1. What residue, among those in the stretch 297-332 that are aromatic (F, W, Y) and open to solvent by 20 Å² or more (accessible area, probe 1.4 Å), is farthest from L23 (Cα to Cα)?
2. Filter the stretch 257-273 down to residues that are part of a helix (DSSP H, G or I) and farther than 14 Å from S31 by Cβ, then give me how many there are.
3. With the stretch 28-128 as the region, which helices (runs of 4 or more DSSP H) entirely inside it contain at least 1 residues that are in contact with a Gly (Cβ under 6 Å, 6 or more places away or on another chain)?
4. Out of the residues in the stretch 1-19 meeting the condition of being part of a helix (DSSP H, G or I) and not small (G, A, S), tell me which one is surrounded by the fewest Cβ atoms within 10 Å (Cβ to Cβ).
5. Tell me which residues, restricted to the stretch 356-376, are touching a Phe, Trp or Tyr at 6+ places or on another chain (Cβ under 6 Å) and either open to solvent by 20 Å² or more (accessible area, probe 1.4 Å) or over 18 Å from V439 (Cα atoms) (or both).
6. Please tell me if A111 is over 22 Å from T203 (Cβ atoms), hydrophobic (A, V, I, L, M, F, W, C) and surrounded by 24 or more Cβ atoms within 10 Å (Cβ to Cβ).
7. Could you check how many residues of the stretch 264-296 are in contact with a Leu (Cβ under 7 Å, 6 or more places away or on another chain) and surrounded by fewer than 20 Cβ atoms within 10 Å (Cβ to Cβ)?
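The values are calculated or read from the model by the stated rules, or taken from the named source; none is laboratory data. A quick note: this is a predicted structure, and the numbers were derived from the prediction, not measured. Ideal geometry is used to build each Cβ from the backbone, glycine not excepted, and the neighbour counts take in all protein chains shown. With ligands, DNA and RNA removed, areas are computed over all heavy atoms of the protein, side chains included. Shrake-Rupley method; radii C 1.70, N 1.55, O 1.52, S 1.80 Å.
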Amino acid sequence: MSKSLNKNGDLKLAVLLSMGGALFSMHFGASSMVWPVNWGKESGTSVWAAFAGAFITALLLTLLGYVALSRGNGTYREIINRVLGNKLGLAYSIASIIVLGPLYAIPRMSAASWDSIVQAFGLNREAKLPLIIFTILFYIITYWFLMNPGKTMDRISSILFPFLIITVIIIVGKGIISPIGEPVAKTYKGSAFAYGFTNGYATAEILCALIFGVVILNSLKDKGVSQERMSKNVVRVGIVGIAMLSCTHLAHMLIGASTGGTIDLEYTALYTAIATKLIGKLGGKLFSIALFFAALTTAIGMTSGCAEFFVEVTDKKIDYKKASIAILIFSTLFGCMGLSSILTILGPILDGIYPAAIVLVLYYSLMPNNQSERHLNLCRYAMITSLIFGVYDSIYTYGIKLNINLGYLSTLYESLPLSSDKLAWVPWTAVAAIMGYLVFQKNKVVSDKNIKV
């Protein structure tokens with residue numbers, strides 16, 4: 001019996017807490033601080049309803065992502081291919097990796113860091129050349145660490161990450177004890193729950209769990225956890241890590257709500273301004289520096305994971321170094337757009353692919369006998385339908401953002417149930433799942449009759 005396990009074959013408490021903390025660290029990056037603060041600010045007095053919605057998509061489904069990999073008995077690419085087939089599965093997995101990597105999530109790291117530095121040090125927000133220079137340097141440093149990790153990377157993770165956590169605890173603690181203002185009415189139309197639910201997509205945590213979940217599973221195997229006890233221990237580790245992440249999300253949403261509409265900023269600039277108000281200018285500057293290193297380590301991890309994926313899908317025709325360089329070049333180009341532009345122009349793409357990821361996670365984590373062909377057909381119909389409606393939602397959103405008259409497409413979209421809350425995909429996906437189940441059964445019966453004849 002391993003020293004890490006108890007007599008039942010499960011992780012001992014100390015090991016469980018350690019692994020839960022590691023899982024928390026994997027997900028606690030710039031987006032897990034900045035986005036909840038912004039949600040809280042916009043939700044105001046409706047912050048609890050918004051948190052309930054965000055809890056499902058940003059936290060609970062992230063936990064289920066690890067469970068899905070464990071119960072699916074495969075990598076992200078493998079479990080998708082079982083549902084969608086090799087060609088469509090490959091296309092979707094590549095699309096999601098590109099969004100998670102160079103198109104959206106990685107450039108968001110440099111842009112978020114720059115926004116914080118601009119706010120903390122009083123730089124000119126409109127100047128483009130400093131942003132471009134900073135972005136290029138950020139990804140050159142990222143590349144250097146990818147190719148020469150050494151001990152410096154460990155020091156950044158072991159020293160600066162705890163410093164960031166301590167700073168966050170001080171900011172959150174003071175913000176809750178001595179709020180900047182009183183919460184005001186929410187600034188958006190529609191349900192606060194639906195707002196939280198759909199904005200929870202922005203953290204991209206489900207995709208992170210699906211792609212990096214192999215790290216947790218391999219760690220459990222190394223500690224001697226058997227396949228029979230794997231799902232239980234994944235859930236236990238996930239509960240510890242996600243519970244910690246839930247606390248930070250809620251706390252950040254509460255301090256965002258407590259700004260009371262007194263700070264007319266968004267995302268990283270908002271968080272840095274809050275830090276400056278609560279703990280002074282020096283605290284705001286120290287926070288922006290710590291956030292830079294947190295964003296850097298996240299960018300390094302994401303680039304590495306995405307590069308490994310492309311090495312795998314090309315059967316090593318593209319090596320790790322070339323894949324990393326290509327990812328960082330595109331990340332630099334998109335990072336130079338700045339955070340607001342990235343979120344406005346590229347954000348709706350994430351909304352397009354996320355519903356299908358939700359379906360995939362729910363299926364593998366909750367469906368009994370998820371390897372059954374009949375059940376896989378149910379998931380196939382549901383996933384394709386959610387992807388179609390996700391893309392439709394993205395097109396509609398771009399039409400509004402770019403002031404393009406989509407005519408009948410807009411009229412049809414607005415007539416769909418739950419479209420005002422960006423959840424039109426939900427009822428149609430449920431219908432498609434039922435159809436997938438029934439169609440498979442019908443085909444099976446016809447096939448059996450043909451065999452008898």
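1. F330
2. Selection size over the stretch 257-273: 4.
3. Hits in the stretch 28-128: 30-43, 47-54, 61-72, 76-84, 105-121.
4. L13
5. As a first pass, look at the stretch 356-376 and keep what is touching a Phe, Trp or Tyr at 6+ places or on another chain (Cβ under 6 Å): 370, 374.
Listed by number, the list holds a single entry, R374.
6. On the way: over 22 Å from T203 (Cβ atoms): no; hydrophobic (A, V, I, L, M, F, W, C): yes; surrounded by 24 or more Cβ atoms within 10 Å (Cβ to Cβ): yes.
Judged against the criteria, A111 is not a match.
7. Residues that pass the stated criteria total 1.
Rundown of residues vs (1) within 25 Å of I106 (Cβ to Cβ); (2) of a type outside the set (D, E, K, R), yes/no style:
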| position | (1), (2) |
| --- | --- |
| I263 | no, yes |
| L270 | yes, yes |
| F287 | yes, yes |
| T303 | yes, yes |
| K321 | yes, no |
| A326 | yes, yes |
